[in-house]
Structures are given as structure tokens and as C-alpha cells.
Amino acid sequence: MAASPHTLSSRLLTGWVGGCVWYLQRRAMQESPHTFVHLFRNVNKQWITFQHLSFLRRMYVTQLNRSLNQQVKRKPEPVASPFLEKTSLGQAKAEICEMRPLPPPSLPLSRKPNEKELLELESASIIEGSLDAGKEMKDEKHWKEMKLQLDDLPGILARLSKIKLTALVVSTTSAGFALAPGPFDWPCFLLTSLGTGLASCAANSINQFFEVPFDSNMNRTKNRPLVRGQISPLLAVTFATCCAVPGVALLTWGVNPLTGALGVFNIFLYTCCYTPLKRISIANTWVGAVVGAVPPVMGWTAATGSLDAGAFLLGGILYSWQFPHFNALSWGLREDYSRGGYCMMSVTHPALCRRVALRHCLALIGLATAAPVLQVTTWTFPVISLPINLYISYLGFRFYTDADRKSSRKLFFCSLWHLPLLLLLMLTCKRPPAAGGAGGEPRT
């Protein structure tokens, strides 16, 4: 009987090593003959190397111990499972509800816990930590009602009433009162300022009440009290009513009925005409300019009790000043106004926006010249106010030609100091009472 190539190759080795190899080959051939026949056919009468011996040893161990498997120690999971971070809150809550925390097993103190018990304790702690993390996420994302603190109420009401705009309205009213002919009546001046301020607070509060859905879409107005929910709409309306009623009462019975009527008209014009018109037509800019022109007229009527040419002159100055001021401001906020759904000249008619701003910058020069003609100021006023009027007209021209944010920003910041300086120059050049031919009787 011829010897197989496997037997011949094994006999080449002598001694104890050869016997071991021969024994391993016999056992392996008995378990899986087809595998080894295929293997040694590839060898094709070559000498057995160290790699062959290693392979034979591994095969032998595997065949004899089929139940032996490599066990990998479980890697502990982090406390904050990434599952909760990558899934949505609803899915995470559904998965967490399916997990039931395992009660920690009671271990006797006399023996040490083995590895299996430690793994169970670790898994229980991980599940409890996941549940706690889910509860914290739910609490953070849950809608919470903001509680109003009494210490924060004055600041909130100040922002609701647009306190800076109200201060500008009161200052222009005071300028109109001071420029009116006749003696300066301090009690009347204080009642006029207080009544106008309360009326302005009421109008601004109602304006914010109506524009909450639109202000929430604008970066400029998204932090207003009503938008953030710092106060309720009912409180805002109550505050506006508490300002409007005493404000109009002070202007009507404390000053004169004409001034009170102008106050009521301005509140109506601002809240019921200008506010809804902002989302309908660009005519809102002209209506808003009329609203800003009424306060100095109210100051004049409070001092004189009548509507004279000087009152319309002051109203005309405030009317024209608002176009370069607001058009330059709205130019830098075009994206905001468009996102909020407001119909502004800077968004729908940009060329008209720049042209109107330049036109009214030049109109300020003509109105300053008309002041001594109407015997409101002396002829010194148009001369000393010419440089600042020319400067704002130059910036208006740059805004008209360049049509960029830089020019609009310069025009806007110039308008902030131009108006108070122009009114101050008018006060310094006011015509003395003896020389003034116009002007009614002051209120007594």
C-alpha cells in the first residue's frame, strides 16, 4: 500500500516533534478529511513549514472544542446615552418609557460581588441616568409661563410705551410751547408736557398691542414685552387706557379743549390709521409724518389757544424732518420690514424712498427761511441754521446717489442731532413779544 504524501512529509521530521505532528495529522484527518486533503494538495510535495504547523494546531483545537467561543467583555456605556441626543424628544420619550429600571439586587456583606452582578448594577444605573436625562430635557423644552416681578414692571412698561420716542414727543411739544408768543406759563407748561406724554404712552402701547404677530418676525422688535410674553395683552390695554384717559383729561380741562382735541386726534391717527396702513400701502410714511408733526402744534395751541401760522410752521419743520430720518432708518432695515410684512418705501419703492428724503432735506432750508417771515424768529435764524441744513441736504444727496447702507447710516445719525440743534437755534432767535405781531392770547 503506497504511503500518502502526508505520511511521507511527516516522516521527514524525526524525534518527538515528528511524532507529535504525525499524531495531530491523524486526529485532524479523522475529524475533517476533506479539508486536509484539499490543503495538502496545494502543498504539492513541499516541506512542512512553521506556518503549516500553526495552522494544523489551530484546526485541531477548533475541531475538538467546537463549543469554545471568544467572549468579549462588554464595554460600559456612558451615562448620557447618544440615543437621547440624536433622536427627537418624542422618540426618546417612547424608548425611555419602554425601559424599566432594574431594582439593585441586595448583596450580602459577607461575600464580594462577581462580575455578572456588577454588570447588572451598572446597567441599572445607566437606565436610571437615561430616565433622568429625558426628564431634564422635557422640563427644559416645556413651555413655561413667565412670572411678572414687580421690580421689573417699570422697565417693562417703559419699553411698552417706547419711552425714548415719548421723550422726543414731549420735547417737541415743549419747543412749540416755548416758541409761542406771550409769557411763559409754568403750570400750563407742566400740564401740557404731562398730558402729551401720557397720550404718547397710550398710543405706543396700543400700537405694540396690534403688531405682536408682525413684531415677532423682526429682529428689531422681537424683544418687545408683548412679543416675549412678559406681560399679558390685557395688562397692556389696561395700561394704555390708564394713560389715555388722564392724558386727554389733562389736555382738555387742564390746558384747553383745542389741545385736548388734537391729542385725541393724534392717538386715533397713530393707532387706527398709521398702524394698519403699514401693511397696506407706502402712504403710511406720510401719515406717520403727520402724527409726528402734531405735538409741536399742540404745544403752540396750549400756549396761545389758537392755530396760528407759527403752529403750522413748526408742524411743517417736524413733518419734513421725519422723512430723511425715517427713510434712512428703514433703508438699513429693509430685510426686517420685508420679513415682518410691512409695506415700506425702502422695500417696495427704493428710488422713491431716496428721492423723498432728499426733497424734504432741501425743504428744511425753505422752512427755516419762512420762520422770520411769519414772525416766529428773527432773520438771524435762517443764517445760522443754514450750515446744518446744508449739511443734512448734502447727506441726503449722497444717500440719493449712493443708495447704500453707509450713506443711509450717516443721514440717520445726522438727523438725530439736527432736530434738537435746529429747535435750540429757533429758541435763541425767537422774536421778542413786543416785536411779534402774531400770536393769540396766552392761556390763563
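General remarks:
- Looking only at segment 293-326, and only at residues there that are in contact with a Pro (Cβ under 8 Å, 6 or more places away or on another chain) and either free of Cβ contacts under 8 Å to residues at least 24 places away in the same chain or not in a helix (DSSP H, G or I) (or both), the one that is least open to solvent (accessible area, probe 1.4 Å): G315
- Qualifying residue in segment 375-394 (condition: at pLDDT below 95, open to solvent by 50 Å² or more (accessible area, probe 1.4 Å) and not β-branched (V, I, T)): yes
- Qualifying residue in segment 435-444 (condition: touching a helix residue (DSSP H, G or I) at 6+ places or on another chain (Cβ under 9 Å) and either basic (K, R) or at pLDDT 95 or above (or both)): yes
- Boolean, S408 is in contact with a Cys (Cβ under 9 Å, 6 or more places away or on another chain), modelled with pLDDT of 95 or more and not assigned by the TED database to the domain that holds W253: no
- Conditions (1) buried (at least 17 other Cβ atoms within 10 Å of the Cβ); (2) of a type outside the set (G, A, S); (3) closer than 24 Å to H325 by Cα; number of the one not met by N217: (1)
- In segment 330-348, the qualifying residues are those that are in a helix (DSSP H, G or I) and open to solvent by less than 40 Å² (accessible area, probe 1.4 Å), and the one that is farthest from L424 (Cα to Cα) is G340.
- Any chance A351 is part of a helix (DSSP H, G or I) and open to solvent by less than 40 Å² (accessible area, probe 1.4 Å): no
For every residue, the table says whether it meets (1) among the small types (G, A, S); (2) open to solvent by 60 Å² or more (accessible area, probe 1.4 Å).
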position: L226; (1), (2): no, no
position: Q230; (1), (2): no, no
position: F239; (1), (2): no, no
position: C242; (1), (2): no, yes
position: P246; (1), (2): no, no
position: A249; (1), (2): yes, no
position: W253; (1), (2): no, yes
position: T259; (1), (2): no, no
position: F265; (1), (2): no, yes
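- Inter-residue pairs, beta-carbon under 6 Å, first outside the structural domain of Q322 (by the TED database) and in segment 356-379, second open to solvent by 40 Å² or more (accessible area, probe 1.4 Å) and of a type outside the set (K, R), 6+ apart: none
The values are calculated or read from the model by the stated rules, or taken from the named source; none is laboratory data. Source: prediction; values computed, not measured. No Cβ is skipped: glycine too gets one built from the backbone with ideal geometry, and neighbour counts run over all protein chains shown. Accessible surface areas use protein heavy atoms only, side chains included; no ligands, DNA or RNA. Shrake-Rupley method; radii C 1.70, N 1.55, O 1.52, S 1.80 Å.
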